[in-house]
Structure formats: structure tokens, C-alpha cells
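The values are calculated or read from the model by the stated rules, or taken from the named source; none is laboratory data. Bear in mind the structure is a predicted one, so any value in this text is a computation, not a measurement. Glycine gets a Cβ as well: all are built from the backbone with ideal geometry, and neighbour counts include every protein chain shown. For accessibility, only protein heavy atoms count, side chains too; no ligands or nucleic acids. Shrake-Rupley method; radii C 1.70, N 1.55, O 1.52, S 1.80 Å.
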Amino acid sequence: MAKGLRLTAIFAAAAALLAGGWLFWLSQQDALDALPQADGRLVFEQERQIWSDGRIERHMIFRDARLGRVGVTISVPQAIPGNAMPVVVVLGGFREGRDNIAPFGDIGGTVLIGYDWPLSRKAFDGDALAALSPDMRSRALGMPGQVRAVLDWLDGQSWADTSRVSLVGYSLGAVIAPSVQRVLQHGGHSVGWTVLANGGAGLGTMIAETPSVHPAWVRPLFGAAADWLLAPLEPAAHLPHLEGRFLVLSWPEGGLPAKAVADFQALVPKDKSLVTVSETSSPDRLAQSIGMARDWLLAERAIPSPDTSVTLSLVRPEPRLAAPRPEVVVPAAVRE
């Protein structure tokens with residue numbers, strides 16, 4: 001019995017030492033260096049096209065050896081300007097990219113990109129335990145690299161002007177946006193305009209104090225784990241390094257701790273505008289924020305005015321988009 005207890009104690013001490021060493025190693029990592037990048041150019045797998053309200057939504061699936069599956073919805077006008085269009089990358093609070101760009105409606109001669117979060121659906125429903133999958137950390141840390149890989153792919157498309165990129169993050173997207181923008185900057189993609197709506201700093205504190213996360217008893221544990229495991233995504237590690245123009249929107253009673261919101265706003269680079277969105281019901285608040293984001297991007301000339309006179313042509317590739325259809329599925333064998 002005594003020998004068994006000694007062996008158990010030895011194994012427990014060894015495990016604690018290994019865990020402590022791993023956590024110490026994590027704490028010493030540089031936030032930018034810890035975010036993985038694509039192994040190469042994204043490999044196109046499939047595409048589904050939906051025609052709606054004068055625009056084409058192209059839900060595209062790519063794959064990368066290091067980052068795995070990458071999904072985005074790219075919304076473009078059915079008739080596009082003769083010149084390349086500015087790009088607006090949207091990181092929202094919904095799991096699917098199409099849902100994240102839906103509040104923008106028809107944004108005119110602009111390439112609108114909605115990113116598919118690679119996290120589990122249950123995690124988006126607030127199930128903290130479901131988010132603790134074995135590959136959760138690698139999926140989460142791969143998000144900024146996935147967005148950069150999409151912009152790298154977009155570099156080769158004649159209809160997209162990747163020298164005029166705007167980034168809009170709201171809800172969860174506002175928290176992840178700083179790490180995404182820093183990775184984009186590091187990869188040579190200058191983000192000229194950034195909108196951050198309802199963002200906060202301090203991942204562990206925000207998770208520990210989020211009422212929607214259940215079960216309640218796991219919140220402080222999950223928050224402490226996030227501080228260690230997701231440290232490379234921490235907004236405070238990236239905000240001071242960002243460049244460009246900023247619009248920061250705050251939602252009263254937005255579900256984030258007041259200190260997290262204040263810290264986030266204080267760290268955003270000084271060339272910014274701070275606006276508090278008046279309190280309304282949640283859907284109206286989001287619509288109001290998106291409306292303010294559009295108005296600001298128009299005023300900044302980041303995106304063209306809807307009534308701007310331009311020469312129009314069919315969006316490429318013409319053979320596949322010759323006649324409107326409710327949905328077109330493009331097999332993996334077809335390449336851009």
C-alpha cells in the first residue's frame with residue numbers, strides 16, 4: 001500500500017512539473033510568433049454560389065496543410081466596376097460568414113468577406129465544456145492565419161483591390177480582430193480602416209464573467225485556462241501595434257465587464273473615434289452599429305458611394321455566372 005502511494009505521489013509530482021513547465025513555456029511565447037500561418041497558398045476545394053438582391057454570395061471552402069479547413073463567404077455585386085473593388089473583411093458574432101455579413105445588405109461596389117469561425121457550434125451556444133475539444137486551441141490560434149491566407153488568395157483576383165482593406169469586428173469578432181489585423185500587417189496587408197464594436201480586453205476575465213457561458217461553475221476555470229491557452233489572441237497584446245484609422249463603438253450593457261471595455265478602448269491607437277451606441281434592443285443595436293460602420297467607411301472614402309458612376313461588367317468567371325440561378329455548386333476540380 002505504502003509503495004503504491006509513493007508511486008502515485010511520484011507520478012503526480014512529475015505530471016505537475018510537466019504541466020508547470022508547459023504553462024511557463026506558454027507564458028514566454030511571443031503573441032505574434034505563436035499564431036500559426038498557412039503552409040502555402042490555399043488549396044481550393046469547392047464553392048456554392050447564391051444570387052440575392054443584386055449580389056452574388058460565393059461560399060468558398062479552402063484547405064491548408066497547417067491551418068486545415070478555411071471557409072468564407074465572399075459577396076460581390078452581380079455587375080462590378082471596371083476597376084478592382086475595395087475589400088471589407090467582417091468578423092462577426094455568428095458562426096457562419098454569411099450570417100456575419102448579412103447585416104450589411106447591399107454595400108455597393110465592394111468585396112465583402114464573411115469569415116466562418118472554425119469553432120464548434122455548441123461553443124457558440126455558450127457550452128464552455130464543448131469548447132474544450134482536444135484541437136480547440138489549435139483551431140482558435142489558427143484563425144488570424146486563416147484570414148491572412150484568404151487575403152493572400154485574394155491578391156490574385158483582378159476584381160479585388162487588396163491595397164484598400166477595411167476590417168470590421170463586432171461582438172466576438174471585435175475581440176479577435178486585433179490579432180487578425182496584426183497578422184495581416186505582418187503579412188504585408190495594410191488595413192487602412194478598422195471598426196471595432198463591443199470589444200474588450202482580458203480574455204480570461206471576459207469569459208469568467210460571461211453569463212451566457214454554462215455551466216456557471218466552469219466559468220472561472222475556463223477563464224483561467226483561456227488566459228494561458230489563448231494568450232496569443234489576447235487583444236491587449238496586439239492593439240498597441242496596429243496602424244490605420246479606427247472607429248470604436250461601445251454598447252452599453254453589452255455583456256462585457258466595464259474594465260475590459262475601458263482597457264480595450266485605452267489600448268486602441270490614438271487615431272480613433274470613440275462612439276457609444278444608444279441602448280436599444282439587441283438586434284436594433286447591431287443594426288445601428290453596422291449602419292454607423294458603413295457611414296464611417298463612406299465618410300473615410302474606404303468604400304465607394306453607392307451612387308458613384310462606374311463602368312460595369314459581369315463578375316468573373318463569366319461562363320459560370322451567365323444567367324441568374326438560385327444556387328450553383330462548383331466541384332473541386334474547377335479552379336479560379
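Once the other residues with Cβ under 12 Å from the Cβ of residue 106 are scored (Lys, Arg +1; Asp, Glu -1), what is the net sum?
Local charge sum for residue 106: 0.
Could you pull out every residue, at least 5 positions away or on a different chain, whose amide H is within less than 5 Å of the one on residue 46? Hs are placed 1.01 Å off N in the peptide plane, and Pro or chain starts have none.
Long-range HN contacts for residue 46: 61.
For residue 260, what charge total do you get from the other residues with a beta carbon under 15 Å from its beta carbon, if Lys and Arg give +1 and Asp and Glu give -1?
With Lys, Arg at +1 and Asp, Glu at -1, the neighbours total -3.
Taking each pair of different alpha-carbon atoms in segment 156-205 once, compute 1/r for the pair, average those values, and report the inverse of that mean as the Kirkwood hydrodynamic radius in Å to one decimal.
11.8
I'd like the FRET efficiency for residue 158 and residue 280, computed as 1/(1 + (r/R0)^6) with the beta carbon distance as r and R0 of 45 Å, rounded to 0.05.
0.60
Got a number for carbon plus sulfur as a percent of segment 62-209's accessible area, 1.4 Å probe?
Carbon plus sulfur share of accessible area: 48 percent.
What distance in nm lies between label points placed 7 Å from Cα along the C-beta direction at residue 39 and residue 53?
In this crude label model, residue 39 to residue 53 measures out at 3.9 nm.
What length, rounded to one decimal in nm, is gained on full extension from residue 65 through to residue 241, with 0.36 nm per residue of separation minus their alpha-carbon distance?
Taking 0.36 nm per residue and subtracting the Cα distance, the gain is 60.5 nm.
Based on the Cβ-Cβ distance from residue 30 to residue 83, what FRET efficiency comes out when R0 is 35 Å, to the nearest 0.05?
For residue 30 and residue 83, the calculated efficiency is 0.35.
Using 0.36 nm per residue, how much length does the chain from residue 272 to residue 253 gain when fully extended, once their Cα-Cα distance is taken away?
That pair, residue 272 and residue 253, stretches by 4.6 nm at full extension.
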